[in-house]
1. Is there a residue being modelled with pLDDT under 95 and more than 18 Å from the chain's Cα centre (by Cα) anywhere in region 491-501?
2. Inside region 414-427, can you point out the residues that are of a type outside the set (D, E, K, R), assigned to a helix (DSSP H, G or I), open to solvent by 20 Å² or more (accessible area, probe 1.4 Å) and touching a helix residue (DSSP H, G or I) at 6+ places or on another chain (Cβ under 9 Å)?
3. Six or more apart or on different chains, Cβ under 7 Å: which pairs go from a residue in region 553-573 that's among the β-branched types (Val, Ile, Thr) to one that's outside any helix (DSSP H, G or I) and at pLDDT 85 or above? Could you list them?
4. Scan region 446-486 residue by residue and report those that are within 22 Å of Thr571 (Cα to Cα) and in contact with a strand residue (DSSP E or B) (Cβ under 7 Å, 6 or more places away or on another chain).
5. Being assigned to a helix (DSSP H, G or I), open to solvent by 30 Å² or more (accessible area, probe 1.4 Å) and not small (Gly, Ala, Ser) is the filter here, so list the residues in region 554-570 that pass it.
6. Of the conditions (1) farther than 13 Å from Ile41 by Cα; (2) outside any loop (DSSP other than H, G, I, E, B), Gly78 fails just one. Which one is it?
7. Kindly indicate whether any position in region 75-82 is farther than 19 Å from Ala108 by Cα, β-branched (Val, Ile, Thr) and open to solvent by less than 60 Å² (accessible area, probe 1.4 Å).
8. Taking Phe33, is it in contact (Cβ under 8 Å) with a residue 24 or more places away in the chain, under 22 Å from Trp124 (Cβ atoms), part of a strand (DSSP E or B) and in contact with a strand residue (DSSP E or B) (Cβ under 8 Å, 6 or more places away or on another chain)?
Amino acid sequence: MDPVPGLDLDQPPFDLLDDAGRARLQAGVDLGFHGDGTTLIEAGRASPHAYVLLKGRVHAYQPQAGGGETHFADYGPGDVFGAWAVMAGRARLTYRTDGECLAFLIPAEVFRRLVDDNPRFAAWFHEGLATKGQLAFSAGRRWTPELATRVGDADLAPAERVASTLSVAAATRRLRERGVDCLLVDDPAHDGPGIVTRTDLLEALALDRLPLEAPVGPLANRPLLCVDPGDALFQAMAAMTEHRVERVVVRRGEGIGGTLGIAEVLSHFASHSHLIGLRLARARTLDEITRAAGGMTALIRGLSRQGVRMPDLMQLVSALNGRVMAQIFELVTPPEVRERVCLLVMGSEGRREQLLKTDQDNALVVADDLDWPELAAAMSRFSQALAQAGYPPCPGRVMVDNPHWRLTASQWRTRIAHWRHDHGGGTALDLSIALDARPVAGNATLFAPVKDALMALGSDGILMHHLAGATLRFDTPLTFFGRVRGDAQGIDLKKGGIFPVVHGLRCLALRHGIRATGSIERCEALVAAGHLPHGLGRDLPQVLNVFQRMRLEAQLATLDHGRIPDNHVDTGGLRRLDRELLRDALHVVKEFRDHVRRAFHLQD
């Protein structure tokens, strides 16, 4: 069948139709002309057509409970509207032309048949932003099949279990006989098994000089690092990278289904991330660490182009960043001091939402009784070393070489008590940054009382009211008619999209005692506890993914042109699909801001 002039079936959502659906659409579609001010669909009534606008503009209006209506969105050429009115038999909005319009009319019967016969097409209209984003991604990007491989599909090694009394010599023979690289050790002194690897046995003999008859029980490592069969192989690799191990245990329900090593992962998926991890493991000098960290941007660029999900990519980057910082920290702190200090990363790095290196946001917790005159000089060397490794200094000086962020445990508690009473301006910013803190090096137990003091702030209603107010600081870049509003630079995704979501979730989590630092984890916990509507909880993580992906692509393009990346995205250069996703995402941000406004009784 000849294509219908002006009806582009290669654009979403029509690219989700099969060949039969495309033919049925082209055979059934009609073209209609509508004068200025024509009501095409009226709220509360069914529509005989779904519309694809060819020329002109249409405004959508939402009826108000007390009468009247408010502008909700507007539509331009290429936009589809009226689908819900056809599928549900009752329109939620009123659609009215602004000037003369030309639109394709898809009869309701034809449209419903397309929905029934094409599940992906149906999902575009039925599901929320998450599904729409996934469909859009699969339609527009090259997906590497290996990235979708699940742990359960990998070649798992059998879980060989031995008693803790088994000798080192017998354990070594068991490894050879069974053709495995590790053993799970059952010890009555522990609730669950530990793990002993071939390397553990070798080091016990060669370095610790243990006799061959020594039992393997004391050599077992605990707790086990576990993954589920449904986890992506990529997630297992990120977990191994973060914890510096080369094998994880795969749980199946209450039991253990086998073990998975980096060799098995690499047999499915070769990644530069492991090469960076190996280089870091071998690095003994700052120059060697810097060279290993130098491959991070290329890694991010490659994985992004291959279609790695934003949460997985951020998790991997966070794991590698954490190793870089921990190794540099060890270079500048003598072993006898490391148990008396705790290095914290904060802001986006604390939330594990960092991609390209932006700036250093870190702090230090120092044991109250530590007497180390070299502390200031060592932290200055740490900040300089991070800068050499590619982590720019923080413009706001949130860095361990700044005494303001280098406090004893007692000083932290005093600072936090001060934040309870002085919650304006810079102190609110300090508190927001600190709420995302997590330890990455040194003695993590030093951070526990600091975290407890931070979480206690959530019960202070006045403080929370002022802190949450920052969620509304920046306007959502939508026009009065619901379209994306930009300027010559485009839109600032951090101010208009990311910050309101991240900060709103941060405040809600603090108020309800949720200790997680990641935005998605906070969102999931809020939904589970009934403090966030399910629909918002479903869409907010995808909203962040949309913003993060668009910002990353813009930043990589900026780097390609030799410029310094920022948070702006040129909306004029986006594909139509991305403009639609961006508009939908910003509408979710607007809805979430309203939720935060009501939750904390805020006013614009």
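The values are calculated or read from the model by the stated rules, or taken from the named source; none is laboratory data. This one's a predicted model, so the numbers in the text were calculated from it and none came from an experiment. In this analysis, Cβ positions are derived from the backbone assuming ideal geometry, glycine residues included, and neighbour counts consider all displayed protein chains. The area values use the complete protein model at the heavy-atom level, side chains included, leaving out ligands, DNA and RNA. Shrake-Rupley method; radii C 1.70, N 1.55, O 1.52, S 1.80 Å.
1. Yes; the residues of region 491-501 include at least one that is modelled with pLDDT under 95 and more than 18 Å from the chain's Cα centre (by Cα).
2. Within region 414-427, the first condition is being of a type outside the set (D, E, K, R), and the residues that meet it are 414, 416-419, 421, 423-427.
Keeping just the survivors that are assigned to a helix (DSSP H, G or I) gives 414, 416-419, 421, 425-427.
Among the residues that remain, those that are also open to solvent by 20 Å² or more (accessible area, probe 1.4 Å) are: 414, 417-418, 421, 425-427.
Across region 414-427, the qualifying residues are Ala417, His418, His421, Thr427.
3. Close Cβ pairs satisfying both conditions: Thr558/Pro565; Val569/Ile491; Thr571/Ile491.
4. Selection gives Pro477, Leu478, Phe480, Phe481, Gly482, Arg483, Val484, Arg485.
5. Taking region 554-570 and keeping what is assigned to a helix (DSSP H, G or I), we get 554-560.
Narrowing the set further to residues that are open to solvent by 30 Å² or more (accessible area, probe 1.4 Å) leaves 557, 559-560.
The answer is Leu559, Asp560.
6. (2)
7. Initially, region 75-82 is screened for residues farther than 19 Å from Ala108 by Cα, giving 75-77.
The next check asks that each one be β-branched (Val, Ile, Thr); those that pass are none.
No, the conditions are met nowhere in region 75-82.
8. Values: in contact (Cβ under 8 Å) with a residue 24 or more places away in the chain: yes; under 22 Å from Trp124 (Cβ atoms): no; part of a strand (DSSP E or B): yes; in contact with a strand residue (DSSP E or B) (Cβ under 8 Å, 6 or more places away or on another chain): yes.
Answer is no for this residue.
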